[in-house]
Each structure stands twice: as C-alpha cells, then as structure tokens.
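A short reminder: the numbers here are calculations on the coordinates, not readings from a lab. Predicted model only: the values in this text are computed from it and were never measured. Neighbour counts are summed over all protein chains in view; Cβ atoms, including those assigned to glycine, are modelled from backbone coordinates with ideal geometry.
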Amino acid sequence: MVADSADTREDTIDDLIRALGGSATKPSALTLLPLIGTTPPTIAAGAPTASESATIPFPAPGHRGIVVIEDIGGFDGTGNEHQLATLLKLLRRSDITAIVEGENATLSTVWELASPLRGARWAIALQPDANDVPSLFTTTFAHTKRADSPPGRGYLIQNGKLTGIHIGLPHAN
C-alpha cells in the first residue's frame, strides 16, 4: 500500500495500528456530557465500531512486513503525529522492518515521533555529521563532516559500533 495523500495516510496509519494489535483511536476533544436524567446518544444500529471493523492482515501470511516512512519531519502539524507515534512504538515491538527517513534538523520539531526511534537495534546514517548525535543516535560521529561523505555513503550503527557503508544509488541520466 502507498499512502501519499492526507486522506490515505490517516487511513493507512489506522489500518497498520489495528493490524499490529493496537487501537487506532484519535485524540478526542472534550465532549459534552449529557444533561442529568437524559440518556447518552447511542451508536446507530448496524454501524461498526472501530474495534469491530475489519483489519488488514499485515504482514500477509508467509511474507515479511516492511513499513517505510519518508520525511518524518514533514508530519509536523499534520494532525497525524499521535497516531504515527503509536504506530512507531508498535513497530519497534514487532518483527516488522521499519525504515524511517528524515533530516536531523526536522527531527527536533517532531520529538514525539523521534523518541520511539532512539535506541533502535540498528540504524543507518547517510551523509552523517557530528551534530547528528544528540537528537537520535547514541553513538558519536566524532570529526565527521557531511561534506566528506558523497551521496550514498555513511555508517551502519549496530550495538554502538560504527561500520562504514555505501548504498548503491540508481544511475542518473
């Protein structure tokens, strides 16, 4: 599935949360209490509640699940921050591979989303800079300059150990 619009993004996040065993509830605003002696409104007959609605099987039986979140900093101010943070916490506890892309400069604006990523089992930092450490990584990139790493080069961080890597990029014509 691809969720590249506001409507599909919200539905996809909710579907993934339910598929991973969470409850996709939106943060609710204050609701008005009924007057004393009146009965609260009920759900219309036949309308499924969120817990009764069908969930997508993810990952499909016999397949490996991968969730890719591009430009996590772009979620700031979209209203999806709480649901996406819930999804990231569920992904961290699951066996599903999660790839989260973002710039260090924007991660500080979406701390609710960056905090579930801290302390991950492993991470890849492409074109790292010594200033990338405080926000997300617990391993230092001492004396590393972004200008010294061409596109596709960086580090694999696993258990606090840095390993230099080069990711193959598609040929540009």
Tally Lys and Arg at +1 and Asp and Glu at -1 over the other residues with C-beta under 9 Å from the C-beta of Asp71: what net charge comes out?
-> -3
Give me the number: length gained by fully extending Ser23 to Thr8, i.e. 0.36 nm times residue separation minus the C-alpha to C-alpha distance, one decimal in nm.
-> 3.6 nm
